[in-house]
Amino acid sequence: MASSFPSPLLNLPLSSSSLSNSTAVGAITTGFCWRSGGRRSRGRTVIANATEKEEEGKDSPAFNPFGFVTDNPSSRSAIQLPESPAEDGNVGQMLYRIEDKGKEYGSYIRSGEFAWFVRETGSPDSRRGTIVFLHGAPTQSYSYRVVMSQMSDAGFHCFAPDWIGFGFSEKPYSGYGFDYTEKEFHDEFDKLLDVLEVKSPFLLVVQGFLVGSYGLTWALKNPSRISKLAILNSPLTASSPVPGLFQKLRIPLYGEFTCQNAVMAERFIEAGSAYVLKLEKADVYRLPYLSSSGPGFALLEAARKANFKDIASQVAAGFASGRWDKPILVAWGISDKYLPQSVAEEFQKGNPDYIKLKLIEGAGHMPQEDWPEKVVDALRAFF
């Protein structure tokens, strides 16, 4: 198996004497070894199961685009010095508190050389077909947990993987079997679909930057495998802005520092929306970055290999009239702080016969997290 970054899911031998206080925003590097064996499920190897549990909830709107820490008490506690560091500020204590969170509907799946964390709801015999949900950077498939639960209740079979290098999936070292290029993400996604026995054509839902965009470029290369495509807030035109996070990651040395910010993911989510994440949600988005340096360095490699403007231009041209003839739904959170509504409108005008635009009020950059019920309503009507 290829070498990898440390897993964020192992039990860590942490103590207050061996770890720094949580004021250090960098992650911790630990030893790593995947368990061998596993059990078989419908022709694929399931390495481990995760707890099935669901939660919902809304916070009052609060947005601070300039501060490093928002009003989220979870973000503050992750980086501020508590009165008794050995008791409540130790990173090991934080990991112990949150290490079992965020694995709803999930299992580890071996695909090729790598282990993916994949969420699944519904049955392969679901009458309405299979939906594959793809997340963007720097987040994870956890964002789809409510949507995929409700879509399976509506009769769909749903999968939502964490991309390689993200969330709870394996994080290989660059240069050891995976270099975080677009082609490699596409190739490994193909292998995963085969292992999951996803039959074509299926329904695809994509959201977000970087690996989210790679979901769209994969669709352009595999139109026959998709029956319908739903796009949540993603860069779709050459005019799509590139958030500051990805610009910082591309700066030498500064990028190495930025990628090891343990609250990076939750801050990115909050800065793209009008909402502050609840404590239990922020814990999950932070967990991979807090427990290992791997996710940060994987994001760094992927961001430096990507040409954001070129990819967005490919997406705009590839789905334009005369080049794409499958139904597309663009379900757009209109309070997105990264991508203005004009991006979705310009994209829709490029192929009005096949692209339907649905604006979602009250939702920001991640409508599946901000207002999953409205996303489900839009998907059910479209699919």
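The values are calculated or read from the model by the stated rules, or taken from the named source; none is laboratory data. Because the structure is predicted, anything quoted here is derived from the model rather than measured. Heads up, the Cβs are rebuilt from the backbone with ideal geometry, glycines too, and the neighbour counts pull from every protein chain shown.
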Worksheet, complete the sentence: Of the candidates R304, R323, R286, the one satisfying the condition of being out of contact with any Gly (no Cβ under 6 Å at 6 or more places or on another chain), at pLDDT below 95 and among the basic types (K, R) is R286
Discussion item. Six or more apart or on different chains, Cβ atoms under 8 Å: show the pairs whose first residue is in the stretch 168-188 and on the phi > 0 side of the Ramachandran plot and modelled with pLDDT of 95 or more and whose second is of a type in the set (D, E, K, R) and surrounded by 15 or more Cβ atoms within 10 Å (Cβ to Cβ).
Written reply: Y180/E301; Y180/K305
Discussion item. On the basis of being surrounded by fewer than 24 Cβ atoms within 10 Å (Cβ to Cβ), under 19 Å from F166 (Cα atoms), under 16 Å from the mean Cα position of the chain (by Cα) and in contact (Cβ under 8 Å) with a residue 12 or more places away in the chain, does G212 make the cut?
Written reply: yes
Practice prompt. Out of G155, G112, G129, G136, report the one residue that is closer than 14 Å to K199 by Cβ, touching a residue at least 24 places away in the same chain (Cβ under 8 Å) and of a type outside the set (S, T, Y).
Written response: G129
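In this structure, is K183 among the basic types (K, R) and buried (at least 24 other Cβ atoms within 10 Å of the Cβ)? Talk me through it step by step, then tell me what you get.
Values: among the basic types (K, R): yes; buried (at least 24 other Cβ atoms within 10 Å of the Cβ): no.
No, not satisfied.
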Worksheet item: Which condition does H365 not pass, out of (1) surrounded by 24 or more Cβ atoms within 10 Å (Cβ to Cβ); (2) closer than 25 Å to Y142 by Cβ; (3) over 21 Å from the mean Cα position of the chain (by Cα); (4) not small (G, A, S), if it passes all the others?
Response: (3)
Discussion item. It is to be established whether one or more residues within the stretch 373-381 are buried (at least 16 other Cβ atoms within 10 Å of the Cβ) and under 18 Å from A274 (Cα atoms).
Written reply: yes
Worksheet, complete the sentence: Going through the stretch 130-158 in order, the residues found to be touching a strand residue (DSSP E or B) at 6+ places or on another chain (Cβ under 6 Å) and more than 13 Å from V206 (Cβ to Cβ) are T130, M148, S149, M151, S152, F156, H157, C158
